[in-house]
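*Asks:* Have a look at this one.
The values are calculated or read from the model by the stated rules, or taken from the named source; none is laboratory data. Just so it is clear, the model here is predicted, and its values are computed rather than measured. Using ideal geometry, Cβ is built from the backbone for each residue, glycine included, and neighbour counts are taken over all protein chains shown. For the accessible areas, the whole protein counts, side chains as well, though only heavy atoms, and no ligand, DNA or RNA atoms are used. Shrake-Rupley method; radii C 1.70, N 1.55, O 1.52, S 1.80 Å.
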Amino acid sequence: MNSHINIISRFKTEGDIISVKPFGSGHINDSYLVTTAPEPATNYLLQRINHKIFTNVGELTNNIRRITKHLQQKLISDQARYGHFQTIHLTQTRSGGYYTQDEEGNYWRLYNHVRQSRSYDMLENPELAYEGGKAFATFQYLTSDFKADTLFEILPNFHNIAFRLSNFREVVRCNPAHRVRDAKEEIDFVESRVEEMHTILRLGELGKIPLRVTHNDTKCNNVLFNPENKAIAVVDLDTVMPGYVLYDFGDAIRTGASTGAEDEADLLRVNIDLDLFTAYAKGYLGIARNFLNTIEINHLAFSAKFMTYLIGLRFLTDHIDGDHYFKIGFPGHNLQRARAQFKLVQSMEEHFTAMRDIINKALDG
Ligand code: GN1
Ligand code: MG
């Protein structure tokens with residue numbers, strides 16, 4: 001805690017620090033909740049940025065500053081409309097920047113943390129899913145007048161299936177951790193769906209779906225809820241980049257409408273939950289139907305299948321590569337995650353007609 005306090009002291013904070021504790025379930029950065037007293041002094045989220053992945057911390061910070069400023073301005077100018085929706089923001093350092101580097105070369109930043117807020121690794125009921133859908137649609141709407149191509153592309157090709165498949169095949173070919181033999185079934189699963197999974201990329205290349213500002217990590221635990229379980233903010237802004245909204249919709253369904261955890265070992269427990277899917281789609285489309293085009297709308301159900309496949313593919317690639325990217329809790333964790341994702345893809349395949357019908361109904365309702 002002492003070294004953390006030393007880092008925190010470089011930022012312009014309010015109140016006295018009471019505790020600094022590991023926080024959240026992110027797979028990339030290290031996060032700590034910093035509580036302060038007396039109320040209403042701000043609480044904070046201290047983060048050590050994984051600079052092996054986010055190699056350009058300056059541009060990363062610049063993107064976040066620009067987006068959060070934009071959100072803040074929109075929320076202030078139309079408070080009545082957005083009610084309790086708010087944005088997180090970076091805390092300034094005493095020397096005027098928005099991150100600091102320690103003696104070992106690690107980069108640190110400090111966000112405000114909304115008091116009494118919480119997030120869910122899985123959405124437990126349709127009311128939460130509805131709120132989740134509203135939150136990500138609101139984020140998209142609020143950033144719809146922000147010029148997407150002025151954002152720095154922090155992680156190029158992030159959801160580009162051709163790029164991800166080419167990495168995957170290269171890792172399978174090199175087999176650096178000798179894990180290919182035990183992942184045969186999963187490798188076949190990937191290869192048997194390759195054609196269909198290029199759909200969104202092709203639509204983009206044909207100019208049928210626009211590049212917009214997208215969040216690119218719309219896991220349901222990136223929505224903050226207040227004690228009344230109303231969604232109040234979207235967090236984790238590292239991957240805000242130009243992208244297709246289908247990526248954001250699909251990724252949210254992957255975690256927000258599954259009956260199992262992202263790394264559930266018992267695959268019988270992993271299925272698409274159509275009630276959660278219905279609720280999310282209603283919350284989302286209530287706002288987003290006003291700005292999405294028909295092709296985007298027609299591919300919403302598919303996007304859930306696609307993003308679940310894509311993230312499963314990334315977990316599988318990292319497993320075969322020897323676990324260099326995602327933090328793991330135990331050996332084989334990435335393979336277990338990949339299996340859970342692929343089971344969820346299968347469940348979506350089985351319920352695909354129902355998923356499309358749900359989208360169509362949500363459009364009318
Ligand atoms: C990573 O660290 P976290 O949990 O916010 C990853 C996402 C994946 C997600 C899977 C920069 O996000 O793309 O969807 O894990 N972030 C990065 O849970 O790769
Ligand atoms: Mg993230």
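*Asks:* When the expected Rg is taken as 2.2 N^0.38 Å, what fraction or multiple of it is the alpha-carbon Rg of segment 76-159?
*Replies:* 1.43
*Asks:* Still on this structure, please answer the following. Please report, to two decimal places, log10 I(q)/I(0) for segment 140-198 at q = 0.20, 0.21, 0.25, 0.26 Å⁻¹ as given by the Debye formula with identical point scatterers on the Cα atoms and no solvent.
*Replies:* Rounded to two decimals, the profile gives -0.85, -0.89, -1.08, -1.13.
*Asks:* Apply the Karplus parameterisation 6.51 cos²θ - 1.76 cosθ + 1.60, with θ equal to phi minus 60°, to every residue of segment 67-79 and state each ³J(HN,Hα) to the nearest whole Hz, in sequence, with x for glycine and proline.
*Replies:* 5, 5, 5, 4, 4, 4, 4, 5, 5, 5, 6, 9, 4
*Asks:* May I pose another question? On a C-alpha basis, how far is the centre of segment 263-294 from the centre of segment 113-163 in Å? Whole number, if you could?
*Replies:* If we compute the Cα centre of each part, the gap is 14 Å.
*Asks:* Now for a different question. Give me, ordered by chain and number, the residues 5 or more places off Asn43 or on other chains with an amide H under 5 Å from its own placed amide H.
*Replies:* His113, Arg115
*Asks:* Could you give the spread of the C-alpha atoms of segment 1-92 along their three principal axes, from largest to smallest, in whole angstroms?
*Replies:* Result, largest extent first: 42, 37, 25 Å.
*Asks:* With all protein chains present and a 1.4 Å probe, how do Lys305, Lys147 order by accessible area, largest first?
*Replies:* So, going from the largest accessible area down, we get Lys147, Lys305.
*Asks:* Subtract the Cα-Cα distance of Asn229 and Asn175 from 0.36 nm times their separation in residues, and report this length gain in nm to one decimal.
*Replies:* Length gained between Asn229 and Asn175: 14.9 nm.
*Asks:* Counting only protein heavy atoms and a 1.4 Å probe, tell me what percentage of the chain's accessible area is made up of carbon and sulfur.
*Replies:* For the chain, the apolar C and S fraction of the accessible surface comes to 48 percent.
*Asks:* Given R₀ = 30 Å, what would the calculated FRET efficiency be for Ala37 paired with Glu103, taking r from the Cβ atoms and rounding to 0.05?
*Replies:* Calculated value: 0.55.
*Asks:* Please work out how much length the chain gains when fully extended from His84 to Asp364, using 0.36 nm per residue of separation minus the C-alpha to C-alpha distance, in nm with one decimal.
*Replies:* 98.2 nm
*Asks:* Next question, about the same structure. How much accessible surface does Met241 have with a 1.4 Å probe, in Å² rounded to 10?
*Replies:* Near enough 10 Å² of accessible area.
*Asks:* Shifting gears a bit: Suppose only helical runs count, i.e. DSSP H with n ≥ 4. What mean residue ellipticity at 222 nm does that imply for the chain under -39500 (n - 2.57) per run, divided by all residues and rounded to the nearest 500 deg cm²/dmol?
*Replies:* My calculation for the chain gives -14000 deg cm²/dmol from helical runs alone.
*Asks:* Over all alpha-carbon pairs in segment 50-96, figure out the percentage whose distance exceeds 15 Å.
*Replies:* 57
*Asks:* Still on this structure, please answer the following. Please report, to two decimal places, log10 I(q)/I(0) for segment 1-157 at q = 0.10 Å⁻¹ as given by the Debye formula with identical point scatterers on the Cα atoms and no solvent.
*Replies:* With no solvent term, the Cα-only Debye profile gives -0.42.
*Asks:* At 1.4 Å probe size, what's the solvent-accessible area of Thr199? Round to the nearest 10 Å².
*Replies:* For Thr199, solvent-accessible area is about 40 Å².
*Asks:* Provide the per residue accessible area, probe 1.4 Å, for the chain, rounded to a whole number of square angstrom.
*Replies:* Normalised by residue count, the accessible surface of the chain is 45 Å².
*Asks:* If you don't mind, there's one more thing I want to ask. When all protein chains stay in place, what accessible area (Å², nearest 10, 1.4 Å probe) is found for Glu186?
*Replies:* Around 20 Å² of this residue is reachable by solvent.
*Asks:* What are the semi-axes of the equivalent ellipsoid for segment 126-364, taken as the square roots of 5 times the Cα gyration tensor eigenvalues, largest first, in whole Å?
*Replies:* In descending order, the three semi-axes are 28, 20, 17 Å.
*Asks:* Further, regarding this structure: Quick one: P(r) of segment 160-291 from all Cα-Cα pairs, 10 Å bins, percents rounded to integers, in order of increasing distance.
*Replies:* 10, 30, 37, 19, 4, 0
*Asks:* If the cut-off is 22 Å between C-alpha atoms, which lysines fall inside it for Lys305, apart from same-chain ones fewer than 8 positions away?
*Replies:* Lys134, Lys184, Lys208, Lys219, Lys282, Lys343, Lys361
*Asks:* Only loop residues by DSSP count here, and only those with at most 15 other Cβ atoms within 10 Å; note down the chymotrypsin sites (Phe, Trp or Tyr not before Pro) in segment 205-273 that meet that.
*Replies:* Taking segment 205-273 and a limit of 15 other Cβ atoms within 10 Å, no loop chymotrypsin sites (Phe, Trp or Tyr not before Pro) are found.
*Asks:* Would you mind computing, in nm to one decimal, how far apart the modelled labels at Glu185 and Ser9 are, each placed 7 Å from Cα along Cα→Cβ?
*Replies:* About 5.5 nm separates the two model spin labels.
*Asks:* Using 0.36 nm per residue of separation minus the Cα-Cα distance, give me the extension gain between Ile18 and Ala148 in nm, one decimal.
*Replies:* 42.8 nm
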